[in-house]
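**Student:** Dumping the structure here so I can ask a few things about it.
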Amino acid sequence: MRRCGARSWPRPRTRDRSRVAFRRSRRSRDRAARQVAHTTAKGGVIAMTKSLAAEGARYGVRANSISPGFVSTPATDKAVDAEGKAWQVGNALIQRPGTGEDIAYMPLYLASDESSWVTGQNYSVDGGATAGWRNDSETDRLAAKNG
């Protein structure tokens, strides 16, 4: 990480446009029991992204991070049991696991000229999980109550 700061800025200066995108897990935004080291490290990626964006701006470097939600992959299929998957999917606003393709369009956008005015941001690509938990029965109850 030492080379991510001021010592590495001469290299990007030789290019017309430089972009940096980091991927980090949702845990940097969530509270999780027995996950202090993991959440701290992932939260640090957001802070590093903002710092790199500020330091690199004078050299035309843009830095952003991406926070994927629950994505179905061979690794998560092995690591997360059926109950865990049901909980993740059942509480998300879009009730299905994400795919690699769902996530892939964000770094493509960030690397494109269309994002030329975007830097220092963290993007959640998580099926709406950071917007809130889905609770259709509570929504229906409140709608019926308020007529």
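Since every read-out is calculated from the coordinates, none of them should be taken as a lab result. Predicted, not measured: the structure shown is a model, and the values here were computed from it.
**Student:** Name the residues whose placed amide hydrogens come within less than 5 Å of the amide hydrogen of Asn64, ignoring near sequence neighbours (fewer than 5 apart) on the same chain.
**Tutor:** For Asn64, whose amide H was placed from the backbone, the distant partners under 5 Å are Val20, Ala21, Phe22, Gly120.
**Student:** Can I ask one more? Hey, what do the phi angles of segment 67-79 turn into as Karplus ³J(HN,Hα) couplings, whole Hz, using 6.51/-1.76/1.60 and θ = phi - 60°, x for Gly and Pro?
**Tutor:** Values per residue, Gly and Pro as x: 10, x, x, 6, 10, 7, 9, x, 5, 6, 4, 6, 7 Hz.
**Student:** Let me ask something additional. List the lysines whose Cα sits under 27 Å from the Cα of Lys85, skipping any in the same chain fewer than 8 residues away.
**Tutor:** Lys42
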